[in-house]
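First comes the structure, then the notes that go with it.
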Amino acid sequence: MLFMPFMIPFYEDNGLTYSQIAILKAIYSISIVVLEIPSGYLADVLGRKKTLIIGTILGFIGFFTYSISYGLIGFIIAEIILGFGQSLISGADSAILYDTLDDLGKKDEYTKYEGRVISIGNLSETLAGIAGGILVGISLRFPYIVQTGVAFIAIPAALTLIEPDRKTSALNFGFKYILRIVKDSLYDNRALRWNILHSSIIGAATLTMATLIVQKYLLLIEIPLFYFGIIWPVLNLTVGAVALFAYKIEAKFKKTNSLILITIFIPLGYIALSQVVGYWGLLILFIFYVFRGFATPILKDYINQLCNSDVRATVLSVRNFVIRIFFAIIGPFVGWQTDKFSLESAILLTGIIFLVVAGFTLVMQLRFLKTNGSQ
């Protein structure tokens, strides 16, 4: 992600308003939504490896399109291609990891290994941010050009994956079967429903912060562009470091307390940031990213524990689907509120919204946990 720390300055350099940037990212989310659940089902039926390969190919094409585009229309086309590619990857990646561990008799260690994946990914993004800081000295476009080459590397990486044997005879390819899994995930299975909804709200909150708010906030407090390539990697390194030990932290605090901490501190990060316009806001961002690193692996693990292998990728795609729906709604609101009033007011209102919705889903989830004696 060489371009990530400089994404918003790049868009503004190409003439986009903040509202257009938010809409662009909403389009990306919607493009993911279109194929999110069908792609998860495809991964369950045809195999995780095949869908991951196709997803990486689309990722390469998407970044190539970005590198040669100079306006909103070109960026929209690139985002749609990247969205389709990401929809094929999300869900299938965590599912192949969980199934591999299950095959090895280590499924209870999923949180640890998911934490390692997140940690390595964020360490990689940390190094990429530093490298991007060097590349942006040439031009804001150059990180996208080099990113195209990086994206290509993912294709042979996907080709080397080994997928464990799974029982898929019970699955039948067809839209009605996808709807059946979605209905079970979001309606029939109450435990799974509230886990998915709560996890999705938190996921949307961290996604909104990372995608739309951090860089705009750094511009607001007049951080020089060069330091974006340092601050962004430090934040992502924080996520990676915490994710690496998330399973140990969760074991100490237990499930209920972990859920409460996540639900309070993620929205609280928004509210606190809206009240501090200055360098102290960097400390608030750091704390927010600590909880982001803690939340992601354990919330995914709670969902994995509640679904079977033959539908796991689909169920995880349902989670990603809901995340993107929330983001597609809240993202344009953040852009409009910022252009119409101020970034601070947009951050405050967004934090309040996430606090209320996440709090409600948590109450429902804890009620179910109490009823079933699983704390």
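Tabulated results
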item: Any hit, the stretch 46-67, residues being outside any helix (DSSP H, G or I), touching a residue at least 12 places away in the same chain (Cβ under 8 Å), in contact with a Gly (Cβ under 9 Å, 6 or more places away or on another chain) and of a type outside the set (Phe, Trp, Tyr); result: no
item: Residue in the stretch 15-24 that is under 26 Å from Ile120 (Cα atoms), part of a helix (DSSP H, G or I) and touching a residue at least 60 places away in the same chain (Cβ under 8 Å) present; result: no
item: Residue list for the stretch 354-365, restricted to those being touching a residue at least 60 places away in the same chain (Cβ under 8 Å) and β-branched (Val, Ile, Thr); result: Val357, Thr361
item: Some residue of the stretch 306-313 being in contact (Cβ under 8 Å) with a residue 24 or more places away in the chain and more than 21 Å from Leu192 (Cβ to Cβ); result: no
item: The stretch 172-196, subset under 15 Å from Cys307 (Cα atoms) and aliphatic (A, V, I, L, M), residue nearest to the chain's Cα centre (by Cα); result: Ile196
item: Residue list for the stretch 1-29, restricted to those being of a type in the set (D, E, K, R) and surrounded by fewer than 19 Cβ atoms within 10 Å (Cβ to Cβ); result: Glu12, Asp13
item: Ile32 under 30 Å from Ser342 (Cβ atoms), surrounded by 21 or more Cβ atoms within 10 Å (Cβ to Cβ) and touching a helix residue (DSSP H, G or I) at 6+ places or on another chain (Cβ under 9 Å); result: yes
item: Test: residue in the stretch 273-281 that is under 20 Å from the mean Cα position of the chain (by Cα), surrounded by fewer than 22 Cβ atoms within 10 Å (Cβ to Cβ) and of a type outside the set (Phe, Trp, Tyr); result: no
item: The stretch 186-215 residues that are basic (Lys, Arg), paired with ones that are surrounded by 24 or more Cβ atoms within 10 Å (Cβ to Cβ) (beta carbon under 8 Å, 6 or more apart); result: Arg193/Ser185
item: Matching option when the condition is under 22 Å from Ala243 (Cα atoms) and either in contact with a Ser or Thr (Cβ under 7 Å, 6 or more places away or on another chain) or not hydrophobic (A, V, I, L, M, F, W, C) (or both), among Gly278, Gly335, Gly293; result: Gly293
item: Spans of helices (runs of 4 or more DSSP H) in the stretch 137-231 with at least 1 residues surrounded by 16 or more Cβ atoms within 10 Å (Cβ to Cβ) and at pLDDT 90 or above; result: 142-159, 190-208, 214-220
item: Residue within the stretch 98-105 that is within 17 Å of Ile162 (Cβ to Cβ) and assigned to a loop (DSSP other than H, G, I, E, B) present; result: yes
item: Only listed residue being surrounded by fewer than 23 Cβ atoms within 10 Å (Cβ to Cβ), in contact (Cβ under 8 Å) with a residue 12 or more places away in the chain and assigned to a helix (DSSP H, G or I), chosen from Ile323, Ile284, Ile298, Ile347; result: Ile284
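Every residue, every condition in (1) buried (at least 18 other Cβ atoms within 10 Å of the Cβ); (2) touching a residue at least 12 places away in the same chain (Cβ under 8 Å), yes or no:
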residue: Gly74; (1), (2): no, no
residue: Leu82; (1), (2): yes, yes
residue: Ile89; (1), (2): yes, yes
residue: Ala92; (1), (2): yes, yes
residue: Glu114; (1), (2): yes, yes
residue: Leu127; (1), (2): no, yes
residue: Ala131; (1), (2): no, yes
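The values are calculated or read from the model by the stated rules, or taken from the named source; none is laboratory data. Note that the structure is predicted; figures quoted are calculated from it, not measured. When we count neighbours, we look across all protein chains shown, and the Cβ atoms used for this are built from the backbone with ideal geometry, even at glycine.
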